1. Got a sec? Which of A126, A115 is touching a residue at least 60 places away in the same chain (Cβ under 8 Å), open to solvent by less than 20 Å² (accessible area, probe 1.4 Å), at negative phi and of a type in the set (A, V, I, L, M)?
2. If I filter region 26-41 down to residues being within 16 Å of the ligand (Cβ to nearest atom) and over 16 Å from the mean Cα position of the chain (by Cα), which single residue comes out as surrounded by the fewest Cβ atoms within 10 Å (Cβ to Cβ)?
3. When both residues are 6+ apart or on different chains and their Cβ atoms are under 8 Å apart, which pairs have a first residue that lies in region 130-146 and is part of a helix (DSSP H, G or I), and a second that is modelled with pLDDT under 95 and more than 7 Å from the ligand (Cβ to nearest atom)?
4. Any residue in region 109-132 that is within 13 Å of the ligand (Cβ to nearest atom), more than 15 Å from the chain's Cα centre (by Cα) and farther than 20 Å from V88 by Cβ?
5. With respect to F72, is the statement that it is within 16 Å of the ligand (Cβ to nearest atom) and open to solvent by 20 Å² or more (accessible area, probe 1.4 Å) true?
6. What about G54, is it at pLDDT 95 or above and at positive phi?
7. Do you know which residues across region 144-173 are over 22 Å from R35 (Cβ atoms) and open to solvent by 30 Å² or more (accessible area, probe 1.4 Å)?
Amino acid sequence: MTDETIIRRAVADDAAALAALAERTFIDAFGARNRPEDLALHCAASYGEAIQRGEILDDALATFVAEGSGGFSGYLQLAWGTPPPDIVSARPVEIRRFYVDAPWHGRGLAQALMATAVEFAATRDADLLWLGVWEENPRGIAFYRKCGFAVVGSHVFLVGSDPQRDLLMTRSRVGAGASDGPSW
Ligand SMILES: CC(C)(COP(=O)(O)OP(=O)(O)OC[C@H]1O[C@@H](n2cnc3c(N)ncnc32)[C@H](O)[C@@H]1OP(=O)(O)O)[C@@H](O)C(=O)NCCC(=O)NCCS
């Protein structure tokens, strides 16, 4: 992460650029290991200026972008809602999306985004962060473990028509001191 990169809450005017980043980073990460027709279905349902604008304006979501001189380099989205049964918590917050553009992998931006997620969740009085990560995403799993998440179960995530197994991971350390743990 460089000094000029900032992480901020997304606004409606970010929708088009965010949609482009979101689709590109999903395809970069998972395109090679999914059928083109499943990928196309997933992208059509998930990405587009109107879709991302709706998400940015949705009170049940909080979307953050990392922005530098070259534009957006990553984003994350938190979601409030009913979690799967394996997630046991009074006030859970889901990390629904968490993506860093490939040139920024391994450079600390992901840690900065995670600190933002933890800090924002704490301001909303969350007692647990949870997420689903594809079982065939070893880098993502390793990153989340580094950030203090542990596997508590699994659920099915549909990519197009392909039912994939996502590991469910949680981290209960939310709140004061959240950003001075061993990972960042
Ligand atoms: C997941 C993601 C945000 C992590 O950010 P990052 O900058 O790559 O994270 P880091 O480099 O700090 O950490 C990744 C860890 O995985 C390790 N790793 C890399 N490739 C790996 C692999 N094939 N198998 C296992 N571990 C791997 C790295 O060595 C590193 O661990 P270390 O710091 O102990 O060496 C980023 O890789 C990304 O955006 N990936 C594509 C999208 C994605 O998968 N998002 C998550 C969806 S749930």
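The values are calculated or read from the model by the stated rules, or taken from the named source; none is laboratory data. The structure displayed is predicted, hence computed values, not measured ones. Note: ideal-geometry Cβ built from the backbone for every residue, glycine included; neighbour counts use all protein chains shown. Heavy atoms of the whole protein, side chains included, go into the accessibility calculation; ligands, DNA and RNA do not. Shrake-Rupley method; radii C 1.70, N 1.55, O 1.52, S 1.80 Å.
1. On the way: A126 fails: touching a residue at least 60 places away in the same chain (Cβ under 8 Å).
So the residue among A126, A115 that is touching a residue at least 60 places away in the same chain (Cβ under 8 Å), open to solvent by less than 20 Å² (accessible area, probe 1.4 Å), at negative phi and of a type in the set (A, V, I, L, M) is A115.
2. Just the residues of region 26-41 that are within 16 Å of the ligand (Cβ to nearest atom), to begin with: 26-34, 39.
Within this subset, residues satisfying the condition of being over 16 Å from the mean Cα position of the chain (by Cα) are 31-34, 39.
On the way: G31: 12, A32: 8, R33: 12, N34: 19, L39: 20.
Among those that are within 16 Å of the ligand (Cβ to nearest atom) and over 16 Å from the mean Cα position of the chain (by Cα), it is A32.
3. Final answer for the pair search is K146/S183.
4. The first filter runs over region 109-132 and keeps only residues within 13 Å of the ligand (Cβ to nearest atom), leaving 109-117, 129-132.
Among the residues that remain, those that are also more than 15 Å from the chain's Cα centre (by Cα) are: none.
Scanning region 109-132 turns up no residue that is within 13 Å of the ligand (Cβ to nearest atom), more than 15 Å from the chain's Cα centre (by Cα) and farther than 20 Å from V88 by Cβ.
5. Details: within 16 Å of the ligand (Cβ to nearest atom): yes; open to solvent by 20 Å² or more (accessible area, probe 1.4 Å): yes.
So F72 fits the description; yes.
6. On the way: at pLDDT 95 or above: yes; at positive phi: no.
So G54 does not fit the description; no.
7. Looking only at region 144-173, we keep the residues that are over 22 Å from R35 (Cβ atoms), and these are 144-153, 168-173.
Selection gives R145, K146, G148, A150, V151, V152, S172, R173.
Condition check ((1) under 29 Å from A150 (Cα atoms); (2) touching a His at 6+ places or on another chain (Cβ under 9 Å); (3) not in a helix (DSSP H, G or I)) across all residues:
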| position | (1), (2), (3) |
| --- | --- |
| T25 | yes, no, no |
| A45 | no, no, no |
| A50 | no, no, no |
| G74 | yes, no, yes |
| V88 | yes, no, yes |
| F98 | yes, no, yes |
